[in-house]
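What follows is calculated from the coordinates using simple rules that are stated; it is not laboratory data. No experiment lies behind these values; they were computed from the predicted model shown. Virtual Cβ from ideal backbone geometry, glycine too; neighbours counted across all protein chains shown.
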Amino acid sequence: MTLARSFLVLIFSIFQLAAAAQKPISYALSFPSAVHHEAEIKVIFADLPAGSVSFRMARSSPGRYALHEFAKNVYQVRAYNGQGQEITLSRPNPHQWDVANHDGTVIITYTLFGDRADGTYNGISEEHVHLNMPATLMYGVGLDERPRLVQFNLPTGKNWQIATQLKKETASNTYSAPHLQYLMDSPVEISSLQFSEWQLPGQSKTIQIALYGPDGDNAFADYTAKAKKIVAEAGAVFGQFPDYDFGTYTFLACYGLQATGDGMEHRNSTFITSSQPLESNVNNHLSTLSHEYFHSWNVERLRPKSLEPFNFAEANMSGELWFAEGFTSYYGDLILCRSGVNTAAEYAQNISAELNHVLNSPGHRYFSPVQMSYQAPFVDAAQSIDPVNRINTYISYYPFGSVIGLALDLTLRSKFKNITLDHYMQALWQKHGQPEIPYTLTDLENTLGALTRDPKFAAAFFRQHIYGQALADYQTLLAQAGFLLRKTNASKASLGLTPLIFRNNAAVIGTNTFAGSPLYQAGLNREDIIQTLDGKKISASGDLSKALAAHKPGDQVEITFITRIGKPKEAMIKLAEDPQLEVIPYEAAGLKLSKQAKAFRHNWLTSQVNTGRK
């Protein structure tokens, strides 16, 4: 270590000790008006430096990449000094409050509104409290490294419990976080919760499920048993489990009418939310659980450098979301099959849906997976009131990355002896996850080259499928495992995949037409109303099916329609083959499954726990 570096380490240590010596920033949350979806919050900022100080509500949230402007749900903001005297606040922008003069302490109080329980927002009611911290807690600018204390003042007369990854302190209902990043990454569920938990084999690590769900009693045991298998399979992919900071990983499962379907990963916990009850939707909810738990490796510890540290004041853009989110989606579905929650045929249906989304979308002609990842601030729960053309220009990095993961896994299994995508994930974990060294796109490529001992293969794969817009030969790749990729309705005529809405005895085009589709080529677009096809009146879906059944792909027929501005028009339209795809096991298609394909499928889709196949 050089003298200069030793000096820097010493200075950094002094700053760390100084921060630790300062009083924690303290939060107190109360819920006297929960029936109206409100919380009352008090924050004490002590030991502040002299001069003006600024306090903010976050504009973004870990795991989300768009802006959400959480200040919109905060009101009645007031400030006091250390003597309890009210002091003046100014507001230089929509998400910030400033105090020009203070006595070293500023106490902020405000009311918070929350009526949407999902991975991003808050749900506060007389039945439960569901909190995402960036949407909940104000923070001080420049105070990121200060420790935090959070106290929850629970309503009397309710048997409410608290579930969170925050560290439990000795004081009643009080928790702590070492710094701002951990605090903001720590969601909270408060209600009359059901709990289940288990120890990971041979380790001092606990997995816990905290369930809010009025209708979940009878299904909770089944849910827990299947979750245990999913957790084990996820660990088998990487060969080990993460070191949870306080020894426990918690699934915060919120299933109720106030909730919206979502999942949101965090370092030692995850939100899983849905308005659908647990009782009749166990496997659907487990799909979200599988995806989010895989994130405890991929993106929580194995992190792209572009997201480190997370910026709460701006949108967070990353070119690696095809990997961070997409490969997680691939494994989320694969693990459901390996754990026995889904069958191989059900897994094939998941592949079908993703391949349809990617291969039949015009979007891959516009942007590469890296460039699609850059779109996240515009699409990740973001909203726009102006019409956009994303049906043509965008493919979600979730399915896009998932089918890339599928292609790479099947390619590795066929091209390289005893190398699979599991080994690639393990190699990345050892290099960038376990020591938590953020990675770049170049790191992802170099690790693949080192694993395969074929840097040219890695360079070509990234050039074609990550930086480029080439699509893999999925039909050939899937055939190795005895799965058939084919047209669902081969040789049947179609207008393409543009959605039609049948209402008021009319066929209305619901979105912009797919670029290159028959409707697009004929000059039809959003909100046009189809009147006739080949002289047949089209007023219901059955009319369209009957008219198309009389033709074959390539036929040219007349279409009449009324444009969105009320102008009647007619055109000639060239019918296409129905582009929808399906993936089915060879056996279901009446094809013979060879011993080689059967073995390939077995090694790919069956349990990897304690198999020795790593």
**Most positive-pole-ward Cα, 287, 83, 48, against dipole of the chain from beta carbon charges** = 287
**Item:** Antiparallel %, DSSP beta bridges [both residues in segment 193-296], to 5
**Value:** 45 percent
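State to the nearest 20 debye the size of the charge dipole of segment 314-387 about its Cα centre, where the only charges are +1 on K and R beta carbons and -1 on D and E beta carbons. If you can, show how the numbers build up before the last one.
On the way: 2 positive and 8 negative charges, 50 e Å.
The dipole of segment 314-387 has a size of about 240 debye.
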**Message:** So I have (1) 29.3; (2) 37.6; (3) 33.2, and one of them is mean projected area of the Cα convex hull in nm² calculated from this model. Which one is it?
**Reply:** (3)
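Going down the table (305/431; 228/431; 167/431; 167/229), which pairs top 19 Å between alpha carbons? Walk me through the intermediate numbers first.
Working: 305/431 14 Å; 228/431 27 Å; 167/431 28 Å; 167/229 27 Å.
Beyond 19 Å between Cα atoms: 228/431; 167/431; 167/229.
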**Asked** What ³J(HN,Hα) values, in whole Hz, does the Karplus curve 6.51 cos²θ - 1.76 cosθ + 1.60 give for segment 111-118 when θ = phi - 60°, with x put for Gly and Pro?
**Response** 9, 10, 9, x, 9, 8, 8, 8
**Prompt:** About its Cα centre, what dipole magnitude does the chain give when the only charges are +1 on Lys and Arg Cβ and -1 on Asp and Glu Cβ, stated in debye to the nearest 20?
**Reply:** 1620 debye
**Message:** In whole Hz and in residue order, list the ³J(HN,Hα) couplings for segment 89-100 that follow from phi through the Karplus curve 6.51 cos²θ - 1.76 cosθ + 1.60, θ = phi - 60°; x for Gly and Pro.
**Reply:** 10, 10, 10, x, 8, x, 10, 9, 10, 10, 10, 7
**Request:** Order by neighbour count: 64, 503, fewest other Cβ atoms within 10 Å first, most last.
**Result:** 503, 64
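Using Cα pairs closer than 8 Å and at least 6 residues apart in sequence, work out the relative contact order for segment 18-188, in percent.
Values: 391 pairs, mean separation 46.5, N = 171.
Answer for segment 18-188 is 27 percent.
In what sequence do 322, 97 fall when counting other Cβ within 10 Å, fewest first?
Numbers: 322 31, 97 23.
The most exposed by this proxy come first: 97, 322.
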**Prompt:** Taking amide hydrogens as modeled 1.01 Å from N in the peptide plane, which residues meet the under 5 Å criterion relative to residue 185, leaving out close sequence neighbours?
**Reply:** none
**Item:** Between 0 and 90°, nearest 10: helix 441-452 axis offset from the chain longest Cα axis
**Value:** 70 degrees
**Request:** Could you pull out every residue, at least 5 positions away or on a different chain, whose amide H is within less than 5 Å of the one on residue 87? Hs are placed 1.01 Å off N in the peptide plane, and Pro or chain starts have none.
**Result:** 79, 80, 81
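Compute the FRET efficiency between residue 607 and residue 246 as 1/(1 + (r/R0)^6), taking r as their Cβ-Cβ distance and R0 = 45 Å, and round to the nearest 0.05.
Details: r = 30 Å, r/R0 = 0.66.
Once the sixth-power term is evaluated, E becomes 0.95.
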**Request:** Calculate one ³J(HN,Hα) per residue across segment 280-297 by plugging θ = phi - 60° into the Karplus curve 6.51 cos²θ - 1.76 cosθ + 1.60, and present them in order as whole Hz with x for glycine and proline.
**Result:** 10, 9, 4, 5, 5, 5, 5, 4, 5, 4, 4, 4, 5, 5, 4, 5, 5, 9
**Asked** What residue among 223, 260, 212 has its Cα farthest toward the positive end of the dipole of segment 181-319, where the charges are +1 on Lys, Arg and -1 on Asp, Glu, each on the Cβ?
**Response** 223
**Complete:** Most exposed first, judged by fewest Cβ atoms within 10 angstrom, 532, 260, 328, 156 run 156, 260, 532, 328
**Request:** Round to the nearest 10 and give me the degree value, 0 to 90, for the angle of helix 3-21's Cα axis relative to the longest principal axis of the chain.
**Result:** 70 degrees
**Asked** Rounded to the nearest 20 Debye, what is the dipole magnitude of segment 18-188 about its Cα centre when Lys and Arg each give +1 and Asp and Glu each give -1 at the C-beta?
**Response** 160 debye
**Cross-link partners of residue 537 among lysines (Cα-Cα below 30 Å; sequence separation of 8 or more within a chain)** = 487, 492, 546, 552, 567, 569, 574
**Fill in**
Under 5 Å from the placed amide H of residue 507, counting only residues 5+ away or on other chains, we find 530
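Around residue 601, under 13 Å between beta carbons, what's the net of Lys plus Arg minus Asp minus Glu among the other residues?
+2
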**Request:** Select from 387, 411, 429 the residue farthest towards the positive end of the dipole of segment 324-434; place +1 on Cβ of Lys and Arg, -1 on Cβ of Asp and Glu, and compute about the Cα centre.
**Result:** 411
